[in-house]
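Chemist: For reference, the structure I am asking about is given below.
Please treat every number below as a calculation from the coordinates, not as lab data. As the structure is a prediction and not an experimental result, all values here were calculated from the model. Cβ sites come from the backbone with ideal geometry, for glycine too, and all protein chains shown count toward neighbours.
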Amino acid sequence: MYGLSKGLVGGTRQAMALCRPSPIVMSQFCKPIISTPISSLSSLRSFSSSCITFKTNTSTRTKENVHDLETFFQLIGRNTIEHVGLFENDLQKFLTSSSIEMKNLGIEVSTRRYMLRWKYKFINDLEPLREHKRGKKRNGGERKAKLIVAKRNAEKRHEEREKRKEADRNEERVF
């Protein structure tokens with residue numbers, strides 16, 4: 001959008017028409033920067049003398065390179081390879097099966113959800129195949145962490161008190 005000059009009323013069509021440059025003025029500013037012919041540009045030296053090469057993805061973790069169910073389950077991990085026999089090592093059978101069918105085959109809930117999540121990502125080509133490790137709870141999980149840490153510290157204090165009492169009884173404690 002072109003700016004309005006100070007003396008004009010902003011927003012009117014007439015004012016906008018007055019502020020646009022004419023095609024004659026525009027042609028003066030639209031000349032090419034380099035006036036030399038393109039054929040003479042090949043003699044100019046470039047910044048780099050090496051040719052540019054692009055790395056092609058040769059990973060086996062992409063959708064194009066996975067053709068059987070065993071490879072798919074090996075790449076996503078979490079011991080899903082145990083369930084290859086249920087789908088007869090047929091990738092299409094796995095991709096067309098639903099959660100209810102997997103439940104009827106006897107696949108436990110957490111593994112079934114993991115497999116369905118990777119099935120969706122594989123069909124839509126969202127992410128290269130890799131194993132997502134299971135999370136590990138620290139201090140009993142997020143909700144119980146304060147309680148567990150407090151109990152552990154109280155147990156340490158109690159053990160230190162018991163040691164001091166034992167040392168006082170045996171008169172081994174030095175001040």
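Chemist: Do you know which of the residues in segment 85-125 that are small (Gly, Ala, Ser) and part of a helix (DSSP H, G or I) is surrounded by the most Cβ atoms within 10 Å (Cβ to Cβ)? Break it down stepwise before answering.
Modeler: Let us first name the residues in segment 85-125 that are small (Gly, Ala, Ser), namely 85, 97-99, 106, 110.
Retained after the next criterion (residues that are part of a helix (DSSP H, G or I)): 85, 99, 110.
Values: GLY85: 10, SER99: 14, SER110: 10.
Only one residue tops the list, namely SER99.
Chemist: Take segment 126-153 and flag every residue that is assigned to a helix (DSSP H, G or I) and either of a type in the set (Lys, Arg) or exposed (fewer than 10 other Cβ atoms within 10 Å of the Cβ) (or both). Walk me through how you get there before you give the answer.
Modeler: To start, the set of residues in segment 126-153 that are assigned to a helix (DSSP H, G or I) comprises 145-153.
Correct list: LYS146, LYS151, ARG152.
Chemist: Based on what the data block shows, is GLU101 in contact with a Phe, Trp or Tyr (Cβ under 9 Å, 6 or more places away or on another chain) and without any contact (Cβ under 8 Å) to a residue 12 or more places away in the chain?
Modeler: Details: in contact with a Phe, Trp or Tyr (Cβ under 9 Å, 6 or more places away or on another chain): no; without any contact (Cβ under 8 Å) to a residue 12 or more places away in the chain: yes.
No; evaluated as a whole, the condition is false for this residue.
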